[in-house]
1. For region 43-66, indicate whether the set of residues that are modelled with pLDDT under 50, of a type outside the set (Lys, Arg), open to solvent by less than 40 Å² (accessible area, probe 1.4 Å) and not in a helix (DSSP H, G or I) is non-empty.
2. Does Gly143 satisfy being open to solvent by less than 80 Å² (accessible area, probe 1.4 Å), over 16 Å from Thr70 (Cα atoms), more than 14 Å from the chain's Cα centre (by Cα) and without any contact (Cβ under 8 Å) to a residue 60 or more places away in the chain?
3. Contact list please: Cβ distance under 7 Å, first residue in region 73-88 and in contact (Cβ under 8 Å) with a residue 12 or more places away in the chain, second residue among the charged types (D, E, K, R), pairs at least six apart or on different chains.
4. Test of understanding: among Ile69, Ile11, which residue is open to solvent by less than 20 Å² (accessible area, probe 1.4 Å) and either of a type outside the set (Phe, Trp, Tyr) or modelled with pLDDT of 50 or more (or both)?
5. Mind listing whichever residues of region 139-162 are modelled with pLDDT of 90 or more and of a type in the set (A, V, I, L, M, F, W, C)?
6. Among Thr102, Thr88, Thr153, which is closer than 16 Å to Asp55 by Cβ, under 16 Å from the mean Cα position of the chain (by Cα) and either part of a loop (DSSP other than H, G, I, E, B) or of a type in the set (Ser, Thr, Tyr) (or both)?
7. Using the structure shown, decide if Thr102 is hydroxyl-bearing (Ser, Thr, Tyr), closer than 30 Å to Lys43 by Cα and open to solvent by 30 Å² or more (accessible area, probe 1.4 Å).
8. Would you be able to say whether some residue in region 108-127 is assigned to a helix (DSSP H, G or I) and polar (S, T, N, Q)?
Amino acid sequence: MKKTFISGAAIIAALVMASCGGSSSSSDSTVAASPTAVSVPPKYVAFCKASTALDEAMGGTHGQDPTAITDPVLMKEAWAKIARLSETLRDLSPKIVKSDATTMVGSVLAIDAIFKANNYDLLAMAKKEDVRTQLGKLSSDPGLAKSSKKFNTFLVANCGKVVPAQS
């Protein structure tokens, strides 16, 4: 299943933590499945398309290329695309969820900054407790969880995304 922005950076950070050998205790994260047949209101078409583009790019912390997890060059490319698409989605977010999208994208960019500072080398990052701690703080931010939940609700209602809860 594709990961999606509706679960925001919380899932990204949780996946990063798993990739780096850390752990996450988040139990109410969500994962998007394919959109339902619900008609998208015309004013949200570009927003919903941006969400789908990000869904497709995210396929995991390493984007759609699983070899990126052990290849810093591919990881850098994947995260450049994820960051760019995240910013596009934030910019296209309707006013009602703009601040939530901004919070979530801020976390994505903070994760990318940590990755960049560590040359996108997840294997080396897994050995650094301070990196795991930084990523853990990002993934457990209650403000991020609140923003993600509000954004998820909006995205489900207006883009027809299906969001089953993770256990």
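1. For region 43-66, residues modelled with pLDDT under 50, of a type outside the set (Lys, Arg), open to solvent by less than 40 Å² (accessible area, probe 1.4 Å) and not in a helix (DSSP H, G or I): absent.
2. Taking the combined requirement at face value, the residue satisfies it.
3. The qualifying pairs are Leu74/Asp65; Ala78/Asp65; Trp79/Asp112; Ala83/Asp112.
4. Of Ile69, Ile11, the one residue that is open to solvent by less than 20 Å² (accessible area, probe 1.4 Å) and either of a type outside the set (Phe, Trp, Tyr) or modelled with pLDDT of 50 or more (or both) is Ile11.
5. Within region 139-162, Leu144, Ala145, Phe151, Phe154, Leu155, Val156, Ala157, Cys159 qualify.
6. Values: Thr102 fails: closer than 16 Å to Asp55 by Cβ; Thr153 fails: closer than 16 Å to Asp55 by Cβ.
Going through Thr102, Thr88, Thr153 in turn, the sole match is Thr88.
7. Yes: the conditions hold for Thr102.
8. no
The values are calculated or read from the model by the stated rules, or taken from the named source; none is laboratory data. All figures in this text were calculated on a predicted structure; none of them were measured in a lab. Using ideal geometry, Cβ is built from the backbone for each residue, glycine included, and neighbour counts are taken over all protein chains shown. The area values use the complete protein model at the heavy-atom level, side chains included, leaving out ligands, DNA and RNA. Shrake-Rupley method; radii C 1.70, N 1.55, O 1.52, S 1.80 Å.
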